[in-house]
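Colleague: One structure, as structure tokens, below. Some questions next.
Read the figures in this text as sums done on the coordinates, not as results from a lab. Bear in mind that the values here come from a model prediction, so they are computed numbers and not experimental data. Positions of Cβ are backbone-derived with ideal geometry, glycine not excepted, and every protein chain shown enters the neighbour counts.
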Amino acid sequence: MKIFLKLKKCAALILALFLTIPLVSCGDNDEDDGSGYSFRYTLYGNPKNLDPQLAEDRSSLMIIQNMFMGLVMFGQNGKLEYGVAKSCEVSEDGLRYSFILRDDCYWRSEAGPEGVVTAHDFVYAFKRIFDPVMQSPYREKFSFLQNARAIIDGNMDYSELGVYAVNNTELVFYLDRPNSEFLYLLTTAPAMPCNKRFFEGTKARYGLDEESVISNGAFYMTQWSYDPYGSDNLIYMKRNYENSNGDRVFPYMLTFFIDRDSNAPAENYDASATDLYVSRTAQKKSFVTATDVKSYETSSLGIIFNPDVQINGEIKKALSLTVDRKAIEKICPDDLKVAYGIVPGSMYVADSVYREQYPAISFDFYKNEITDETKEMAKDFFDTYPGEAEILVRNTSDAGVVSKIIGDWQDKLGVYIELKYADDDEYYTRMENDDYFMAFAEIDTSDKSVYYYLKNVIDTLYGPDARTDLKNGLDEALTYSSFTDRCDVFSRTENEIMLSGDYIPLFYRKLFLTYRKNAKDLNFNPFSEQINFRKAKYYK
């Protein structure tokens, strides 16, 4: 059965998102339905903090993903589903969201049940984000909430934030301006509820040890063992049976091994100690039989220019237009895909894949010939440039591809740019200090949203205070009720940056999820690298 958001007049405001109620199964541990399995996974590094309003590292976010449930959540195939909420009503102007909560979602700690999740738990969580004492890194993400900007600027107390509990089961948000990303943001860690009584009882230890964590999601923690000098480091989580009654949780248990060795996830998988792992490099042949691999495009790599170096726009445009991406495809490494646009292929607008609407190939502006006037201008600039005209790269595989492009520029434009190889320490130090002429750089994000990705691209290329026209255009797009209108803005922004030559995207980085064929319905977010195991099944 499907349910949808009830809008007072404007259905388009929420992109015509349909939220699907998870099916409830009567049986448990049925041999034929894949339930009852204990999944095993290796975390790269110990979680730093399991407080959802503060956590930022990937290990913490992985645990939080399986320990908490928000008002809404992403289900299989990137579609939004209800979580703690069971309905939502949005005002015509998009400035009021009213959620009705389920009454069968429970808090659970190792000590036992801790009561029903209420609207007050969400109010407390959101006000913690804006409490200046907490120093939450997520305040700007929710700055569109009513009074949020005044609170951030110190002109209003955080208790005045526009989120209210009408009663235990009705929660209302007021916004200062419409924001089409709001439902997406409600799926992220900082939007998880917080049990005030439990939080205050931890005496400033909330989220830092196994006795100071609580769950309202699919699993609760039973053990968190970590010794930086030891080897038996792991986290055990068990099915939250109270929450499985209303929304079935399939696995019985989760085991997260904790290791500081970046090779450990792959090694543990090959040793049959775990059931899946995530990698940023192309997969070697696994020793484990019956293995499946899925790949996702999560970031772009390309050539950027130092914003402090004054290069004529026509020269940068000529450099960009003479990159023959079809030729690069012949030398593309397995863990990369040639990029014809800026936005990676796995990114979303609402719950739709952006590239399905706007294919990257539409941004291919390759020109084999450039006017003699532009060639002369480019040659004169590089011949007379007083510094080192070089491209900074950080590994040998990157250097091979960039060398090909440098050769093409020499042939087509008559200019020569040197290749400067640097190890990781030198590369990142020089990038941090803007000590480069041009650089082969990666632009990524932990968000699956095209909006946030393009904002990051603009900040990377121009800095936080420049190109406000592009940033304001993206912000304006969030107020549009039409999905197509928003995508058009994103496409125009991508097109403008490409044509300017300010960024020359060359590749998309692939992220790989490797897992056993027996495992099904792994709900994976490749940008945050979180796996939600709630519906994961293992067929024997």
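Colleague: Taking only C-alpha pairs under 8 Å that are 6+ residues apart, what is the relative contact order of segment 346-416 in percent?
Modeller: Over segment 346-416, the number comes to 32 percent.
Colleague: Reported to two decimal places, what Rg/Rh ratio describes segment 454-540 when computed on Cα atoms with Rh from the Kirkwood expression?
Modeller: Answer for segment 454-540: 1.14.
Colleague: Here's another thing I want to ask about it. Can you give the calculated 222 nm mean residue ellipticity of the chain, where each DSSP H run of n ≥ 4 adds -39,500 (n - 2.57) and the sum is split over every residue, rounded to the nearest 500 deg cm²/dmol?
Modeller: Mean residue ellipticity at 222 nm (helix-derived): -7500 deg cm²/dmol.
Colleague: If you average 1/r across every pair of different Cα atoms in segment 430-471 and take the reciprocal, what Kirkwood value do you get, in Å?
Modeller: Result for segment 430-471, one decimal place: 11.5 Å.
Colleague: Quick check: pseudo-label points 7 Å beyond the Cα along Cα→Cβ at Thr222 and Asp521, how many nm apart are they?
Modeller: So the label points at Thr222 and Asp521 sit 2.2 nm apart.
Colleague: Of Ile331, Ser59, Gly83, whose Cα points farthest to the positive end of the dipole of the chain (charges on the beta-carbon: +1 Lys, Arg; -1 Asp, Glu; origin at the Cα centre)?
Modeller: Gly83
Colleague: How fast does segment 295-407 diffuse by Stokes-Einstein, in µm²/s, taking the Kirkwood radius from C-alpha pairs at 10 °C and 1.306 mPa s?
Modeller: Stokes-Einstein gives a translational diffusion coefficient of 98 µm²/s.
Colleague: Please work out, to two decimal places, the log10 of the ratio I(q)/I(0) at q = 0.12 Å⁻¹ from a Debye calculation in which every Cα of the chain carries one identical scatterer.
Modeller: -1.22
Colleague: Moving to a separate point now. What nm distance separates the two modelled labels at Asp103 and Ser143, each placed 7 Å from Cα along Cα→Cβ?
Modeller: 4.1
Colleague: State the Cα centre-to-centre distance between segment 189-221 and segment 116-130 in whole Å.
Modeller: A separation of 12 Å, based on Cα centres.
Colleague: How big is the Kirkwood radius of segment 296-512, worked out from every pair of different alpha carbons and given in Å to one decimal?
Modeller: Radius from the Kirkwood sum: 17.8 Å.
Colleague: Using a 7 Å offset from the Cα along the Cα-to-Cβ direction at both Glu390 and Lys540, what is the distance between the two label points in nm, to one decimal?
Modeller: The two pseudo-label positions are separated by 6.1 nm.
Colleague: Oh, and also: Could you tell me the ratio Rg/Rh of segment 416-495? Both radii from Cα atoms, Rh via Kirkwood.
Modeller: 1.08
Colleague: Any chance you could list the semi-axes, whole Å, largest first, of the equivalent ellipsoid that the Cα gyration tensor gives for segment 31-117, using √(5λ)?
Modeller: 27, 19, 16
Colleague: Give me the log10 of I(q) over I(0) for segment 91-236 at q = 0.08, 0.09, 0.19 Å⁻¹, as the Debye formula computes it from C-alpha points; what are the numbers?
Modeller: Summing over Cα pairs of segment 91-236 leads to -0.26, -0.33, -1.20.
Colleague: Still on this structure, I have one more. Please give the per residue volume of the convex hull enclosing the alpha carbon atoms of segment 192-277, rounded to a whole number of Å³.
Modeller: 129
Colleague: With all distinct Cα pairs included, what does the Kirkwood hydrodynamic radius of segment 496-536 come out to in Å, to one decimal, could you say?
Modeller: Averaging 1/r across every pair of different Cα atoms and inverting gives 13.3 Å.
Colleague: Going down the list Lys317/Lys404; Lys48/Lys517; Lys367/Lys448; Lys326/Lys420; Lys448/Lys517, which pairs span over 28 Å between their C-alpha atoms?
Modeller: Lys48/Lys517; Lys367/Lys448
Colleague: Which shape class applies to segment 78-165: rounded if a/c is under 1.5, otherwise prolate when a/b exceeds b/c and oblate if not, where a ≥ b ≥ c are the square roots of the Cα gyration tensor eigenvalues?
Modeller: oblate
Colleague: Quick one: which of 141-151, 503-513 comes out on top by average Cβ neighbours within 10 Å, and what's the full order, highest first?
Modeller: Highest mean packing first, the order is 503-513, 141-151.
Colleague: May I pose another question? Give me the extension gain from Asp93 to Asp308: residue separation times 0.36 nm, minus the current Cα-Cα distance, reported in nm with one decimal.
Modeller: Stretched out fully, the Asp93 to Asp308 stretch lengthens by 73.2 nm.
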